[in-house]
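Right, one structure below, let's go through it.
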Amino acid sequence: MWWSCLNSNCILNKVIIMNIYDDFFKGISPEDWEFFAADFLGARGCAIELPPARGADGGKDLIVSFRGKRYIVSCKHFACSGRSVTERDEASFLERTKQHKADGFIGFYSTLVSQALQDRLKGCEDNSFEYLIFDKNSISDYLPNMSCFILQKYGLPAPNNFYYMNVPPEQYQPLPCMCCGEDILSDEMINLSMAGIVRGDLGQLGYIFGCKNCISKYFDHYDPWLDHLEALYVEQLIGWDRCIQECVKDENLDEKFWEHYFIHRAALVQRLYPSHLGVYPTALIQW
């Protein structure tokens, strides 16, 4: 089956994950759960043929296609009650699949599926009918590898806070712009600030950081730079560190280069997103 590799990318222990994501699931409304399913499946490589809509849905919440086959998707959001999805909740799934001229059925659930429903689905599986269940465990396995923008759309890191803080407020150390002194890691300035390597008049490389309006004039077309909106993601910051290593080889550095680099690096750690909050969207992660 085309979903046989689904569990191969699990990178976190499920017990730990569930402590992290339970509140996230509970914070999504039943209507938004359907849109979350569409975003989730789209990120996994499905084409959304029929998105969620209000009103009667004829036994399907959306229709997707993958590798030439169509699937109806049934979304059940019982996270607040914690009850499992039962046979009664998914009555006539075979008839609904045929009604919409689909090849298979996908259950997208914020809790677990009952054993009776699992056995019923498995008993109906043959060459003309396929099924896949995304329950809270399997969904959680994938969230760390999803686009951060999707998770933020539905409430992570917090419903009213787009950015993350790794230290208590009283321990936070501002990072002043090297030109105007504005804290460039404040919520208001993160997406308006940057860092980079510039070449001075004497040919030495310098490391600078600050407001885009203040320091962008020091960069030319070939100077490497790092947007702080990207720098908050671990994989992007690691990539920047590797870029630094390549850029400084056999170069004459300003005497403050490494001091400025480490000041910038230490300050950024205060605001890095944890790995369970998704990845910066650079490419589609295939099933």
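The values are calculated or read from the model by the stated rules, or taken from the named source; none is laboratory data. Remember, it's a predicted structure, so these values are computed and weren't measured experimentally. So basically every Cβ, Gly included, is an ideal-geometry build from the backbone, and we count neighbours across all protein chains shown. Only protein heavy atoms, including side chains, enter the accessible area calculation; ligands, DNA and RNA are left aside. Shrake-Rupley method; radii C 1.70, N 1.55, O 1.52, S 1.80 Å.
Available extension along the chain between Ser275 and Ile48 is 79.0 nm, counting 0.36 nm per residue and deducting the alpha carbon span. A cut-off of 5 Å between modelled amide H atoms, ignoring neighbours fewer than 5 places along the same chain, links Glu49 with Ile63, Val64, Ser65.
Please get the size of the charge dipole for the chain, origin at its Cα centre, with Cβ charges of +1 on Lys and Arg and -1 on Asp and Glu, quoted in debye to the nearest 20.
1000 debye
Between Glu125 and Phe162, the C-beta separation translates, for a Förster distance of 35 Å, into a calculated FRET efficiency of about 0.25. Summing charges over all other residues whose Cβ lies under 10 Å from the Cβ of Glu90, with Lys and Arg as +1 and Asp and Glu as -1, gives +2.
Contact order, relative form, for the chain: 18 percent (alpha carbon pairs under 8 Å, 6 or more residues apart, mean separation divided by residue count).
Of the residues Met194, Met178, ranked by 1.4 Å probe accessible area with the largest first, the sequence reads Met178, Met194. When a 1.4 Å probe is rolled over the protein heavy atoms, the share of accessible surface on the chain that falls to carbon and sulfur comes to 51 percent.
Taking 7 Å steps out from each Cα toward its Cβ at Leu229 and Trp258 produces label points 3.4 nm apart.
Considering only Leu277, Trp225, Gln245, and ranking their Cα positions along the charge dipole of the stretch 216-278 that arises from unit charges at the beta-carbon of Lys, Arg, Asp and Glu, the one farthest toward the positive end is Leu277. Does anything in the stretch 212-242 have its amide N under 13 Å from the 7 Å Cα→Cβ label point of Lys249, and if so which residues? Correct set: 242. For the chain, the solvent-accessible area with a 1.4 angstrom probe is 52 square angstrom per residue.
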